[in-house]
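This report concerns only the one structure given below.
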Amino acid sequence: MGAIRYHFRNIIKFRVLFLMMLPTLAIVIFNNYVPMFGVVLAFKNYTFSDGIWGSAWAGWTNFKYLFQTDIAWLATRNTIMYNAIFIALNTVCAIGLAILLNEIRSKRWKTIFQSTMLFPYFLSYVAVSYVLYAFLGESGFMNTSMLKWLGQDAVSWYSSPDKWHFILPLVNTWKHVGYFAIVYLAAIVSIDTEYYEAAVIDGASKWRQIRYITIPMMLPVIVIMTLLQVSRIFNADFGLFYQATLNSGALQNATEVMDTFVYRNFLLNGDVGMSSAAGLYQSFVGFVLVLASNAIVRRINKENALF
């Protein structure tokens, strides 16, 4: 009873703060938790006429069918492979760009560079697909100018799946690296300048300052950002793999991921139960990966763990 009274007194004392929190709390509950009741669809043979509760139970049938097709395993492999590459590239490139931006002393040029890097992040993948097609189309810049200047034959980019293993990571990094760089730059700016002043007095070079001060002080933010990306390692960027590739059938082996697999095979056919099973599968794997990654970080350094 004493603990209940203590918490009740705190609620009364900070009632204004709790009232300010209510709108956000309501949004989180209705957007994130109420829809979780739809998980039941993954275990049902859903029909629109019977509704959610009236549809017959299917048990694990939806999941069995999901893993019986070769294309499902291809989508699973591609999703994990691409996202692992995306996480590595975005983290390394963003940290490097953040460190370089921090070294710019001109406030004007720093603002220009930040805005330029962040601009692609706000572009939709429909716009990105047009930009990409202007480069890689049959009469695009690569074929008519770059390859011609190098004395090479034109390439049918949208019919060459092996080349998209490199193109997709480059496009993803170009679009997202600016956002991550701004986050890491904020972490660098928050580092006390006295550390660098002491390092300069001790004769430390710029590289040693980065290695022994900047990166270690950034580590908590790096770990948090990496864990947040790991939580979505089983969720591919639908726009990147569907819009940017112009949904080319010739590229399916290189671009088929879980999101496009669900869209093509289930949503277009109206199979809600199978789509829900695939979504639950993605969420469960992401949840397990976050717990595992956080446990590893916790064993190495408890202070850097997310929870």
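The values are calculated or read from the model by the stated rules, or taken from the named source; none is laboratory data. Computed from a predicted model, the values in this text were never measured in an experiment. All Cβ positions, even for glycine, are placed from backbone atoms using ideal geometry, and neighbour counts span all protein chains on display. With ligands, DNA and RNA removed, areas are computed over all heavy atoms of the protein, side chains included. Shrake-Rupley method; radii C 1.70, N 1.55, O 1.52, S 1.80 Å.
One table, with the values for the structure above:
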{"read-out": "Residue 238 being over 18 Å from the mean Cα position of the chain (by Cα), hydrophobic (A, V, I, L, M, F, W, C) and open to solvent by 40 Å² or more (accessible area, probe 1.4 Å)", "value": "no"}
{"read-out": "Residue match in region 201-210 (condition: surrounded by fewer than 16 Cβ atoms within 10 Å (Cβ to Cβ) and among the basic types (Lys, Arg))", "value": "yes"}
{"read-out": "Restricting region 140-159 to residues that are part of a helix (DSSP H, G or I), open to solvent by less than 60 Å² (accessible area, probe 1.4 Å) and farther than 14 Å from residue 244 by Cα, the residue that is modelled with the highest pLDDT", "value": "142"}
{"read-out": "Members of region 282-307 found to be within 27 Å of residue 53 (Cβ to Cβ) and in contact with a helix residue (DSSP H, G or I) (Cβ under 7 Å, 6 or more places away or on another chain), listed by number", "value": "282"}
{"read-out": "Residue 162 touching a residue at least 24 places away in the same chain (Cβ under 8 Å) and surrounded by 17 or more Cβ atoms within 10 Å (Cβ to Cβ)", "value": "no"}
{"read-out": "Of residues in region 120-139 being under 23 Å from the mean Cα position of the chain (by Cα) and part of a loop (DSSP other than H, G, I, E, B), the one farthest from residue 249 (Cα to Cα)", "value": "123"}
{"read-out": "Residues being open to solvent by 80 Å² or more (accessible area, probe 1.4 Å) and among the hydroxyl-bearing types (Ser, Thr, Tyr) - total across region 176-200", "value": "4"}
{"read-out": "Residue count, region 229-246 (criterion: modelled with pLDDT of 90 or more and part of a loop (DSSP other than H, G, I, E, B))", "value": "2"}
{"read-out": "Checking residue 262 against (1) open to solvent by 30 Å² or more (accessible area, probe 1.4 Å); (2) closer than 26 Å to residue 53 by Cα; (3) touching a residue at least 12 places away in the same chain (Cβ under 8 Å), the condition it does not meet", "value": "(1)"}
{"read-out": "Within region 1-117, helices (runs of 4 or more DSSP H) holding 1 or more residues that are touching a residue at least 40 places away in the same chain (Cβ under 8 Å)", "value": "61-68, 70-102"}
{"read-out": "Criterion: polar (S, T, N, Q), within 30 Å of residue 271 (Cα to Cα) and open to solvent by 80 Å² or more (accessible area, probe 1.4 Å) - qualifying residue of 62, 32", "value": "32"}
{"read-out": "Test: residue in region 266-289 that is within 22 Å of residue 158 (Cβ to Cβ), open to solvent by 70 Å² or more (accessible area, probe 1.4 Å), free of Cβ contacts under 8 Å to residues at least 60 places away in the same chain and of a type outside the set (Val, Ile, Thr)", "value": "yes"}
{"read-out": "Selection within region 234-261 - β-branched (Val, Ile, Thr) and touching a Ser or Thr at 6+ places or on another chain (Cβ under 7 Å)", "value": "245, 255, 257"}
{"read-out": "Residues of region 35-49 satisfying the condition of being surrounded by 12 or more Cβ atoms within 10 Å (Cβ to Cβ) and not charged (D, E, K, R)", "value": "38, 39, 40, 41, 42, 43, 45, 46, 47"}
{"read-out": "Selection from region 292-305 of residues that are assigned to a helix (DSSP H, G or I) and surrounded by 13 or more Cβ atoms within 10 Å (Cβ to Cβ)", "value": "293, 294, 297, 298, 304"}
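Conditions tested, residue by residue: (1) at pLDDT below 90; (2) part of a helix (DSSP H, G or I); (3) more than 24 Å from the chain's Cα centre (by Cα).
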position	(1), (2), (3)
196	no, yes, yes
207	no, yes, yes
214	no, yes, yes
217	no, yes, no
227	yes, yes, no
253	yes, yes, no
259	yes, yes, no
264	yes, yes, no
284	yes, yes, no
